[in-house]
Amino acid sequence: MAHTFRTFSGPALHEIAMPIGGIGTGTISIGGRGQLTDFEIYNRPWKGNALRNTFFALWVKPRGKPAVTRILEREHLPPFTDRAGGGFENGRAAGAPRMREAIFRGAYPFANIELIDPEVPLQVELEVFNPFIPLNADDSSIPCALFTWRFTNSTRQPVEASLLAAWCNPVNRLKIRRDGWDAEVDGYDPGGSMNEARQTDALAGVYMTNPSIDPAAEFFGSAALAFVGPSTHATHTVQTHWYQGAWWDGLQMLWNDFSADGRIESVTESFTAGAGRFLESSLCAPFTLKPGESRGFTLIFTWHFPNLRNYWNPNEGEGVANAMLHTWSGARWRDAWDVAEYVAANFERLDRETRLWREALFTSTLPPAVLDAVSSQSSIMRTTTVLRLDDGRIHAFEGCHAGGGCCPMNCTHVWNYEQALAFLFPALERTMRLTDFTHNTDADGKMSFRTLLPLSSNRFWGFVAAADGQMGTVMKAYREWQLSGDDDFLRQVWPGVKRALEYAWSEANPHAWDRDKDGVMEGRQHNTYDIEYFGPNTMTGALYLGALRAAAEMAAYLGEADQAAEYQSLYESGRQKIENWLWNGEYYEQKIEVSPLLLVPAELQSPHDPFPKYQYGKGCLSDQLLGQWFSHVVGLGYVLDPKRVRKAMRSVFKYNWRAAMRSVPNMQRVYALNDEAGLAICTWPKGGRPELPTIYGDEAWTGIEYQVAAGLIYEGEVEAGLRIVEGVRARHDGVRRNPWNEFECGNHYARAMSSWSLIPALSGYRYSAPAQAMSFAPRMNADKFCCVWTAGSGWGQFKQRSTSAGASVELSVLYGSLELRTLTLGDLKLGKRTKLPAGANVQRVQGGVQLRFDPPLALKAGERLTLKL
């Protein structure tokens, strides 16, 4: 099958910045022109941070012709001003000759860039990636970026050439302008950096440190730049420091030297920068290419910053504010050179397994926009949105501002939407549930929807509980157990799960979510819109129903029959009342009412409406079936009437999807405008819009758009769902926005990882590790279907072909292993000559056919099950 990699050139390169780095390590970004930018490697965001004088360059001389020198980036695109409105900043080599054009192909975690210049007689290609291997969290948490340059001589004459890597030592103190949720970085405080030439059998390069920084300090660390592999050792040159003059003398001397003959002066002694000075180094590898010959060079940049200060909670007092934390990668490796040695020693495997994942994902019959959305937004887990601390646990912001993480930490209601981490690295996702239920849920069952670090069992974030976040987290616990089959995990979180669920009707809950214990939330419900809903609604209500269903199943599994019956009874009561109270014939409304048990604060009282501010009432809320979408994703099925669910999803698309957002007057934040398509969060097609409606109601959030798209697909509305996905990705076209940065309240916003749900929606995929059961029922291309699947123990591909004579199915394991007792397939035809493995039988079930394996089918990596039905 052909790959469907998204391709950009010309003006569409302007906004591109693909983050490259490991989970919880920070990243650097490869720009659309091939430039290096956004060095966010200091355990905090720092958008726009480009290391001074850091680039790759090429010297090339065809036989009998003058030499040509180019920085290996496309020429700059307008505007030609910096953020202060002046020309380019010193230290960017912006005036040096560059390549004329670039073609950027992105298939995360790989970026492939072709650089073109009529005066350069070589084909020039760059590939950049970081190891990304689902289920292998440790090898996907390496602080590194790998660059492979490939040069091909397409002329009829030999060509002399040379590759240069110029790099500034990044280990310097940062000047912090402000701490907190809106933290800002005000540049470097340079001085004291030291470079050392190093060479081993597998590496040759520069090791970068700063001995003037205390090892216990926030910005203590190291970095390394090296050629990987012994092929360049005999000819490469290392320059640990440039000429130490004034102005831009060092850059000028390097350019003069390299442009003259493609060589640079060898300088191998260690060198320390003076006060106030940056320290640049260079690596150089000359080579000759015969006609038709190609040559590749792989370089690795690694970083190691083990200390992480809690800058985001400056007002939380002793023990939290400014507490020094420590990163997982900092504990795993001694320093950046140790990281580079690990990657070099395991490069073949890391490279092969990462490519295997890319092939599994992209050799698919799923639409290109879906593959683009799923792959691009899986990058979020590897940006500074996510932290991985030395105990191995994941913690995360909602997103990232320019200089600090926004809205810390582990926000339960935003992370309700995220599915990518849960399906790709389920062991890491389980650490978030341990934090939710063993640290953040108090004795009464109130769950703090943000986490204070360092963790403590008796220290909680002081705010109200979030109704949607708390109920969604119960469903997440169920998802983690279903994906892993880890009974120890289930038993560990179960006491907290019960307390969190029962807080809904507990008298300890001052907001009386379900004080009358009828399965419907009526009280004051804080939610992801940063407001309170009063009265029954399906936005929080369907999540509550899903939590009750999930808890009933977990209780039954653990032998707590009375508890299971109680939760199931509450679910059935709540479902019936929601259907009776909130269905208006087209969609589910909110019934605005204030319980006599509650007092509406003055700041929430509406100026003229007879109900509190920020409700949606008769509105058509895009998130009205959030809990139903989540129930489908985790395998619970329908929690509301299936016919009404389908009609409600159609109504959301009919009323809220706009082919051009210029038709939506928006006084709020703007993420889609003018001729761009988008999904408004709420509309009022039947009238009754409050004078101060639900906050954010006129905005378009990609995380909700993907959730609604998947919800439509689950209901068979595939075309409508795909229109939403295509509209979102069209807004991120490289001209208007970065395709690898879907922002909301901050860059790389976690909610956008809801895009992963498009895969189970389109494939009909479900998996239960406790039951050893897997299901597929493709909703498009069923006659010739192929897509990736992931489970807690392995991942692979599912293929299906169907004709009038029968069907063939192939289930392959590409990584890990899989054990199945049942495999349920969509409505396939059973031929008279059905071929099954020994011990298997097949039978018709509702909606398809089911194969049962006794003993269980066991597949290892490289094995497959092939069936002809």
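Going by the alpha-carbon gyration tensor, a ≥ b ≥ c the square roots of its eigenvalues, is segment 613-768 rounded (a/c under 1.5) or, if a/c is not under 1.5, prolate (a/b greater than b/c) versus oblate? It is oblate, given that a/c is not under 1.5 and a/b is not larger than b/c.
The mean accessible area for residues of segment 729-847, using a 1.4 Å probe and ignoring ligands and nucleic acids, is 38 Å² per residue. Each stretch of four or more DSSP H residues adds -39500 (n - 2.57); spread over every residue of the chain, this sum gives -7500 deg cm²/dmol at 222 nm. Rounded, prolate or oblate for segment 483-528? Axes are the square roots of the Cα gyration tensor eigenvalues, ordered a ≥ b ≥ c, and the cut-off for rounded is a/c under 1.5. Note, shape of segment 483-528 comes out prolate.
Between S9 and M324, the simple label model (points 7 Å from Cα in the Cβ direction) yields a spacing of 5.2 nm. Taking a point 7 Å from the Cα of D182 along the Cα-to-Cβ direction, the residues of segment 636-677 with backbone N closer than 16 Å to it are 669. Straightening the chain between A94 and Q123 buys 8.1 nm, computed as 0.36 nm per residue apart minus the Cα-Cα spacing. Just to confirm a number: summing +1 for Lys and Arg and -1 for Asp and Glu over residues other than L174 whose beta-carbon lies under 15 angstrom from that of L174, what do you get? With Lys, Arg at +1 and Asp, Glu at -1, the net is 0. This model, with +1 at the C-beta of Lys and Arg and -1 at the C-beta of Asp and Glu, gives segment 717-824 a dipole about its Cα centre of some 60 debye. Solvent exposure of segment 484-609 amounts to 38 Å² per residue of accessible area, where only protein heavy atoms count and the probe is 1.4 Å. Does anything in segment 793-817 have its amide N under 17 Å from the 7 Å Cα→Cβ label point of R844, and if so which residues? From segment 793-817, the list is 805-807. For the peptides 490-501, 399-410, residues were scored by their other Cβ atoms within 10 Å and the scores averaged per peptide; the highest-first order is 399-410, 490-501. Taking a ≥ b ≥ c as the square roots of the eigenvalues of the alpha carbon gyration tensor, segment 245-387 is oblate, as a/c is not under 1.5 and a/b does not beat b/c. Per residue, the solvent-accessible area of segment 370-413 (1.4 Å probe, heavy atoms of protein chains only, all protein chains present) comes to 12 Å². Of all lysines in the structure, those lying under 16 Å Cα to Cα from K61, and not within fewer than 8 positions of it along the same chain, are K290. Taking Cβ atoms as reference points and 13 Å as the exclusive limit, the residues near W494 contribute a net charge of -4, counting Lys and Arg as +1 and Asp and Glu as -1. Fully extending the segment from R650 to A402, taken as 0.36 nm per residue of separation minus the present Cα-Cα distance, adds 85.5 nm. For the set K613/K686; K476/K643; K476/K498; K654/K784, the pairs lying more than 24 angstrom apart at their alpha carbons are K476/K643; K654/K784. Sparsely packed loop sites in segment 41-102 (the GluC sites (Glu not before Pro) outside DSSP H, G, I, E and B with at most 12 other Cβ atoms within 10 Å) comprise E89.
Computing FRET efficiency as 1/(1 + (r/R0)^6) for K686 and R355, where r is the C-beta to C-beta distance and R0 is 56 Å, gives about 0.60. Taking the square roots of five times each eigenvalue of the Cα gyration tensor of the chain, the equivalent ellipsoid has semi-axes of 48, 32, 26 Å, listed largest first.
Seen from T240, the other residues with C-beta closer than 13 Å to its C-beta sum to a net charge of -3, counting Lys and Arg as +1 and Asp and Glu as -1. Most tightly packed first, judged by the mean number of other beta-carbon atoms within 10 Å of their residues, the peptides 547-560, 29-42, 170-183, 310-323 read 29-42, 547-560, 170-183, 310-323. When each of the peptides 151-162, 244-255, 381-392, 715-726 is scored by the mean number of other C-beta atoms lying within 10 Å of its residues, the order from highest to lowest reads 381-392, 715-726, 151-162, 244-255.
Can you give me the % of accessible surface on the chain that is carbon or sulfur? Probe 1.4 Å, all protein chains present, nothing else counted. Roughly 49 percent of what the probe reaches on the chain is carbon or sulfur.
Taking 0.36 nm per residue of separation and subtracting the Cα-Cα distance, full extension of the segment from D609 to D641 would add 8.3 nm.
The values are calculated or read from the model by the stated rules, or taken from the named source; none is laboratory data. In this text, all values refer to a predicted model and were calculated from it rather than measured experimentally. Every residue, glycine among them, receives a Cβ derived from its backbone with ideal geometry; neighbour counts consider all protein chains shown. When the accessible area is computed, the model is the full protein with side chains, heavy atoms only, and any ligands, DNA or RNA have been set aside. Shrake-Rupley method; radii C 1.70, N 1.55, O 1.52, S 1.80 Å.
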